[in-house]
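Here's the structure, in structure tokens; my notes come after.
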Amino acid sequence: MLELTLLGTPRVTVDGQAVKLATHKSLLLLARVGLEGRTTRAELASLLWPLSDSSTARQNLRVELYRLNHTAAGAYLHLERSAVEQAGIWQIDALDPAHDLNGTELLSGEVAESDELGEWLESIRETRRTAVRFRLSASVSRHEAEGDLKGAARAAQAITELDPLDEAAQAQWLRLLVQAGETQMARATYQAYAERLRRELDAEPSAEVRRWTEVSTQTSEQTLQAPLIGREALWRELRSSHLPALLLGEPGVGKSRLADEFSAQHRPRLIVRGLAEARWWPLGAVTAALRSLSERGRLPTLAQTDQGLLSRLIPELHADPAAASPLTGASPEQRQALFAALSRAVLPGLRRGLLVLDDLHDFDDLSLEAVRYLLAELLRVPPGDRARVLLSARVPELAHNAAATALVDELEGRGELRRLTVAPLLETDVLALVRTLGRTEGGTRFAARLHAATAGNPLFVLETLRHLRERGDLTDDAGGQWQTRHDEHTEFYAELDLPGSVLSAVKARVKLLGDEVQRVLEALAIMARPVPLDMLEVLTGLDAWALASAIGAAREASLMVLRSGGYALAHDLYRVGVAAGLTSERQQLLHRQAALTLAEAPAAAREVAGHWLAAGQPQQAGEWLLRAAREAESIAAHTEGLGFLDEALALQLTKEVQARAHALAFQLHLGLGNLVEAESHLDTLRRLADQQRDEALELEAEVHLAALNIQKSEFQQVIAITDRLLDAPLLGPLGAQMHLVRGMSLIRLARFTEAEMHLQEVLRLGTLQRTRWSFQVHFTLTQLYFPQGRFSEAEYHAGQAEAVARVLGDPQTIARGLLGRGVAAIAHGKPAEAVPLLREAQQLARLHSPLSVADMITLNLGTALWKIRHRDEASEAFKIAAASQYLPPEIHESATWNLGAISLDIGDLGQALTYCEQALVSAQKRGLPSTVLRRRAFLANIHLLCGQPVDAGEVTAIQIEAAQLNLGEMEHLLATVALRRALLCGTGEEIETYAHALIQTSGPDDEQESHTLLLAEACFHAGDFDDAARWIAKAPPGAWRTRLRLRLLREIVHCQSTDEGRAEVVADARHWLVAPATVALEAAFLAAELARNGQPDDVKEARRRANLLLGSLEGRLERLSLSRLLA
């Protein structure tokens, strides 16, 4: 199940696991589909990318959908060619009545980039407000009826949040507050409402509102007295056993607070606190606690001897304080006597109580020795009267206090101590704290930001809250609820300013760990990502042993963790705190070292650029941003690459670097089809070349101009430009690109030999390996070799194109590579192999390619399906391509022609003729002689198959024109057409002439059936049944061959075949009559031949098939001629 949270902090989870979205656009996309269901791609593109043109917006949408499809959320989207809708089970909090009391606005803080996005946001918010208001009103009535006035008041308050100026809603809320006894809140609510009404509408509250409260003009400011939250499990652990417990955790995590709260419920108690500032004072911690007891009169009556001993700690206990002996110089025996007196003074008053030893890491050595004595004495107290013991310490500081560590280890070793870790608060705990302090049922987003900014450290949380209140960023509303400007922002928590006290605490904690640890943490702070050990060694300049020791100390202090890829700071809070302690000069030096180190790693170019920029080196940053853009281009991430170039061009770069940036921006825009933007960058590049009088740059600009013209289909212009460049000193990839664009243009101008020479030159230069240009070379060679029948070469280059596409990883390029392989397989007579390739290409293209590419793939998939006799699927594919608005005229014409051919196969003869005639007219308009001749020949063949005579002059004219155009591949086809015409309406002499001509020619495999069987029919006409039988035997199996075998049996009276032989032929005929491979027209002729035996069923079947074919020719002349032929 996909769960979409749109109230508060937006999040997406699938089956309980959070889904990390690549961009914020993905969230808006899911929100649109989740809230409104099926949405067209056009609507999504214009909504999410309003400032982009439609082509760029659609490309961005395809990339966003591709990214989403590679997350767990992808399975819950059904992607169609023109729309996106939900799949599977969705749960959306904004549509769930359980969230009606959540006053958070739907997609709160979302900033609309356009009027369209703004209107949509307001529309969905108003729709939710209306539905929520209706349900909350019903809830108010229900709670009142049940006597639950506070519940009714909560629902009424939620109604006022929908429209804070709605007087009827305010009056209802105030009434319920007063009736529920919440008079103070009612007064505060009224005051805030009255002030808002005056400010926004210059009006006073109505009498109905005033009636329910007495106005109070001042509200007292709340103090932050936080309850103990998130410690329930620890509390249970403490109560579960009388064994002494040691609370461990980082500074500010709440160890002392937990100890105080727990001890408050287990009186009598004694709290002995370690004092960092008094570590030099022997028995300082114990003395401070003893003095507190004395001043509060809590010490028992002491024997004179004990008074004398304890006066070493508190001189006032001596009858003559001035005569009290100092502790300095006391012997071990004297110390033991002192500890015994201390235990007699303290332990009797703790019967069944609690001894708290707080901040054990700050105890001096003698205090720890006294603690060891007291704990030993406690064990002698009967269990029923024995006091509990609770200790607390910070992990890193404890490790630096050898005596404290020894005491803990000793107690643990004897099984007299258990450790309990006090962890930071969870996000849910911070939310509970915010809701309690802020008296609100909302605060989800703010609490999430607060938790993220403070790492859940309770001290940092409260300090940050106080800081925000002091600055006025956190205020109380009418009901005493918190409001903060941070709820209006879309960033997660980056703008949540941390108080100096929090940053100082972090800096102090880091400083405590020593210089070497600080150097490690500083390196991690400026890297802001996991750093491998070897890189950390270079960044810090520490030797291996010192580095290992520093890492150990930092990890023990919970400031540093090991993550995939290396070491990192445990939380972003520590990064901010450590960075805050760096001078600007030190920051720049660290970033410079990071840039140099990452450059050798190697790392992502954008990351290196960021460090050079932070180091105050814009030129180096610009160079690395260009490298990042080139990396993006290599994986077809054009939009990201352009973003890097925008960053680079915003810097003060040299003219040379600017020129390279504009040249790369031109190529990226060209790759996206943004011709206007590409031309703009090209103009700037040419201007820079002119200013610098840089001949090499001028030549590069000329190559780019040729590439731009090929996109504009100005092929003659490309030839003119590259004519000037053929002898120019073009180096490396630039020369290869020139040969490529020239070769591509020559193909479009039908100058194939020259085109092949230039394309092979690109491969010979070998400077474009594994790039988009490399893909284009192989793809273009594939297209070049198809028409020439060089299928093995075409297949090879198609395979190379796909391999390069897979390396690039761009789904659009992969789709084109698969298209090339599929077409090569079709051309090589392997349509079954082509189908899975083209299906995969179609799936990728529908999601990630322009519709023109998707429709082109669909057209070729139809061809492959047709050739393996999947005629229905093929017909649908051809119809899609024929109806496409995005294919060029020649491809649209090809789809129409294929529809005609497949209609002929399935027996829709009228449609076949119509489609083929339309395609012929289109070819004639485009002025393509070779295509026109092929169309005319095929159309003549259809007419002849339908029994419609064709003028002999037409066939002869086609043959002459084909010879003039050197279309040798048409010679055999035209020879079959000429013989078919002669058999239908020619003389015996013509039949003999054209049969002889056909024998002298050879054709491709798919024309062998017509070759052999037309010659057999010519033999029938001449009465030469032996030769007819010979030609029939050479023909491939099929309906036509079987029909002529039946005719042969009928024609030869003296046939030696047995009845069994005739039965075998008839059975074969019945097989081919229903075989999928048999085309409808030939099946009708075969049925007519079978009907000559007079069997009623055969006659009926022949008539049925004839009627179907004739029905498809309604209103055409061919209907009469076909009826005669079938008769």
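The values are calculated or read from the model by the stated rules, or taken from the named source; none is laboratory data. This structure is a prediction, so every number in the text was calculated from the model and none was measured. Cβ coordinates were reconstructed from backbone atoms using ideal geometry, including for glycine residues, and neighbour counts include every protein chain displayed.
Listed residues 922, 884; which is touching a residue at least 24 places away in the same chain (Cβ under 8 Å), in a helix (DSSP H, G or I), hydroxyl-bearing (Ser, Thr, Tyr) and surrounded by fewer than 24 Cβ atoms within 10 Å (Cβ to Cβ)?
Matching residue, one of 922, 884: 922.
Here are 331, 292: which of them is at pLDDT below 85, within 23 Å of residue 268 (Cβ to Cβ) and either of a type outside the set (Val, Ile, Thr) or not assigned by TED's automatic domain parsing to the domain that holds residue 408 (or both)?
Going through 331, 292 in turn, just one is at pLDDT below 85, within 23 Å of residue 268 (Cβ to Cβ) and either of a type outside the set (Val, Ile, Thr) or not assigned by TED's automatic domain parsing to the domain that holds residue 408 (or both): 292.
How many of the residues in the stretch 836-857 are buried (at least 20 other Cβ atoms within 10 Å of the Cβ) and within 21 Å of residue 791 (Cα to Cα)?
Within the stretch 836-857, residues that are buried (at least 20 other Cβ atoms within 10 Å of the Cβ) and within 21 Å of residue 791 (Cα to Cα) number 5.
Among what's in the stretch 581-621 and is among the β-branched types (Val, Ile, Thr) and surrounded by 15 or more Cβ atoms within 10 Å (Cβ to Cβ), pick the residue that is farthest from residue 656 (Cα to Cα).
Only one residue tops the list, namely 597.
Just one of 162, 121 is under 29 Å from the mean Cα position of the chain (by Cα), of a type in the set (A, V, I, L, M) and at pLDDT 75 or above; which is it?
None of the others qualify; the one that does is 121.
State the number of residues belonging to the stretch 984-1033 that are at pLDDT 90 or above and within 60 Å of the chain's Cα centre (by Cα).
7
Name the helices (runs of 4 or more DSSP H) wholly within the stretch 534-622 that hold at least 2 residues that are of a type in the set (D, E, K, R) and under 30 Å from residue 423 (Cβ atoms)?
Working: elements: 544-556, 572-580, 584-600, 605-614.
By residue number, 544-556, 572-580.
Could you tell me how many of the residues in the stretch 375-396 are modelled with pLDDT of 90 or more and in a helix (DSSP H, G or I)?
Counting residues in the stretch 375-396 that are modelled with pLDDT of 90 or more and in a helix (DSSP H, G or I) gives 4.
Identify the residue in the stretch 674-711 that is acidic (Asp, Glu) and under 18 Å from residue 733 (Cβ atoms) and, among all such residues, is surrounded by the fewest Cβ atoms within 10 Å (Cβ to Cβ).
695
Kindly provide the set of residues from the stretch 668-714 that are touching a residue at least 40 places away in the same chain (Cβ under 8 Å) and under 23 Å from residue 623 (Cβ atoms), ordered by number.
Selection gives 670, 671, 704.
Could we say that residue 362 is within 13 Å of residue 284 (Cα to Cα) and assigned by TED's automatic domain parsing to the domain that holds residue 275 here?
For residue 362, the condition - within 13 Å of residue 284 (Cα to Cα) and assigned by TED's automatic domain parsing to the domain that holds residue 275 - is met.
Check residue 372 against each of (1) touching a residue at least 40 places away in the same chain (Cβ under 8 Å); (2) in a helix (DSSP H, G or I); (3) basic (Lys, Arg) and name the one condition it does not meet.
Only one criterion is unmet by residue 372, namely (1).
In the stretch 754-778, which residue that is modelled with pLDDT of 85 or more and not acidic (Asp, Glu) is nearest to residue 829 (Cα to Cα)?
Taking the candidates together, the pick is 778.
Quickly run through the stretch 794-817 and pick out the residues that are of a type in the set (D, E, K, R) and surrounded by fewer than 17 Cβ atoms within 10 Å (Cβ to Cβ).
The one that is of a type in the set (D, E, K, R) and surrounded by fewer than 17 Cβ atoms within 10 Å (Cβ to Cβ): 806.
How many residues, within the stretch 953-971, are free of Cβ contacts under 8 Å to residues at least 60 places away in the same chain, out of contact with any helix residue (DSSP H, G or I) (no Cβ under 7 Å at 6 or more places or on another chain), farther than 18 Å from residue 981 by Cα and not small (Gly, Ala, Ser)?
Of the residues in that region, 2 qualify.
Residues in the stretch 158-190 that are of a type outside the set (Gly, Ala, Ser), more than 18 Å from residue 442 (Cα to Cα) and free of Cβ contacts under 8 Å to residues at least 60 places away in the same chain: how many?
The total comes to 15.
Exactly one condition in (1) closer than 30 Å to residue 931 by Cβ; (2) of a type outside the set (D, E, K, R); (3) in a helix (DSSP H, G or I) is false for residue 737; which is it?
Unmet condition: (1).
Regarding the stretch 65-86, can at least one residue be identified that is assigned to a loop (DSSP other than H, G, I, E, B), over 26 Å from residue 125 (Cβ atoms), in contact (Cβ under 8 Å) with a residue 24 or more places away in the chain and touching a strand residue (DSSP E or B) at 6+ places or on another chain (Cβ under 7 Å)?
Yes, because at least one residue in the stretch 65-86 is assigned to a loop (DSSP other than H, G, I, E, B), over 26 Å from residue 125 (Cβ atoms), in contact (Cβ under 8 Å) with a residue 24 or more places away in the chain and touching a strand residue (DSSP E or B) at 6+ places or on another chain (Cβ under 7 Å).
Results for (1) among the acidic types (Asp, Glu); (2) in contact with a Cys (Cβ under 8 Å, 6 or more places away or on another chain); (3) surrounded by fewer than 21 Cβ atoms within 10 Å (Cβ to Cβ), shown as yes or no for each residue.
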| site | (1), (2), (3) |
| --- | --- |
| 928 | no, no, yes |
| 945 | no, no, yes |
| 952 | no, no, yes |
| 960 | no, no, yes |
| 976 | no, no, no |
| 990 | yes, no, yes |
| 994 | no, no, no |
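Would you check which residues across the stretch 903-937 are out of contact with any Ser or Thr (no Cβ under 6 Å at 6 or more places or on another chain), of a type in the set (A, V, I, L, M, F, W, C) and under 18 Å from residue 878 (Cα atoms) and list them?
Selection gives 904, 906, 913, 916, 920.
If I filter the stretch 1-38 down to residues being surrounded by 18 or more Cβ atoms within 10 Å (Cβ to Cβ) and hydroxyl-bearing (Ser, Thr, Tyr), which single residue comes out as nearest to residue 447 (Cα to Cα)?
9
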